[in-house]
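The values are calculated or read from the model by the stated rules, or taken from the named source; none is laboratory data. Since this is a predicted model, take the numbers as computed values, not measurements. Heads up, the Cβs are rebuilt from the backbone with ideal geometry, glycines too, and the neighbour counts pull from every protein chain shown. The accessibility values were calculated without ligands, DNA or RNA, using every heavy atom of the protein model including side chains. Shrake-Rupley method; radii C 1.70, N 1.55, O 1.52, S 1.80 Å.
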Amino acid sequence: MGIQLFEIEQVSDEQIKAFKLEFNKNKEIIQGSNGLTTTRSISKWRKEIVKLRKKSDKRRMEVHQYFIIDHSGELVGMIDFKSKLCPYSEREGGHIGYSIRKSQRGNGYAEQALGKLLELIKSNYEIKKVLLTCESHNHHSRNIILSHDGRFNKTIIINNREIEHYWITL
């Protein structure tokens, strides 16, 4: 059961709202969503996502937001790519962040989405390696990173949370 990565123009507000609602009900943060968890306005959030795609300058990094859509057309997750690292993403977020809705976890969607995104980065950017991070207790994310040849770099402590750093060579 394959997935596709869609851009923001290819998904409806209703799909995004339903996706967000599931995370809110489970009291989870939507990693790799660039603020969807806390936004009050989907339309304002959409505009911000489109702005983030523009080429980066010294003040702003280029961010590409993708929606993970399954074979039936359901929005099952989100994944993003930051073309360069800012101080926050160097410590905690990395180049890539992703989330799969709780009802769809265990179906291999995150692993497939990461693979597709890595191929997209490899063919469109001159980046040689990407940083991914996960909390030390998140064994599923660690295994997904390792399945794409992620190499452990270090663990850092932020607010009593252990954050593991992995590099994937493209």
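Quote the FRET efficiency, to the nearest 0.05, computed for LYS154 versus SER72 with a Förster distance R0 of 35 Å and r equal to the Cβ-Cβ distance. Intermediate results must be reported in sequence, preceding the final value.
Details: r = 40 Å, r/R0 = 1.14.
With a Förster radius of 35 Å, E is 0.30.
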Inset, instruction - Straight distance only, please: which lysines reach the Cα of LYS44 with their own Cα at less than 27 Å, same-chain residues fewer than 8 apart left out? - result: LYS17, LYS20, LYS25, LYS27, LYS54, LYS55, LYS58, LYS82, LYS84, LYS102
Inset, instruction - Name the lysines eligible as straight-distance cross-link partners of LYS154: C-alpha to C-alpha under 18 Å, and not fewer than 8 places from it in the same chain. - result: LYS129
Inset, instruction - On the protein heavy atoms, probe 1.4 angstrom, tell me the percent of accessible surface of the chain carried by carbon and sulfur. - result: 49 percent
Inset, instruction - Quote the convex hull volume per residue of the range 1-95, based on C-alpha atoms, as a whole number of Å³. - result: 112 Å³
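For SER123 and TYR88 in one chain, what is 0.36 nm times their gap in residues minus the Cα-Cα distance, to one decimal in nm? Kindly include the intermediate steps, with their values, before the conclusion.
Numbers: separation 35, 0.36 × 35 = 12.60 nm, distance 2.60 nm.
Value of the extension gain: 10.0 nm.
Return one whole number: the accessible area per residue of the range 78-129 in Å², for a 1.4 Å probe. Intermediate results must be reported in sequence, preceding the final value.
Numbers: 2640 Å² over 52 residues.
For the range 78-129, the per-residue accessible area is 51 Å².
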Legend entry - Radius of gyration, Dmax [the range 83-127; alpha carbons; angstrom]: 12.6, 36
Legend entry - Compactness of the chain, expressed as Rg and Dmax over alpha-carbon positions, Å: 15.2, 41
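Relative to the present Cα-Cα distance, how much length would full extension add between LEU21 and ARG161 at 0.36 nm per residue of separation?
Working: separation 140, 0.36 × 140 = 50.40 nm, distance 2.59 nm.
Taking 0.36 nm per residue and subtracting the Cα distance, the gain is 47.8 nm.
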Legend entry - Computed [θ] at 222 nm, helices only, for the chain once each DSSP H run of length n ≥ 4 contributes -39500 (n - 2.57): -9000 deg cm²/dmol
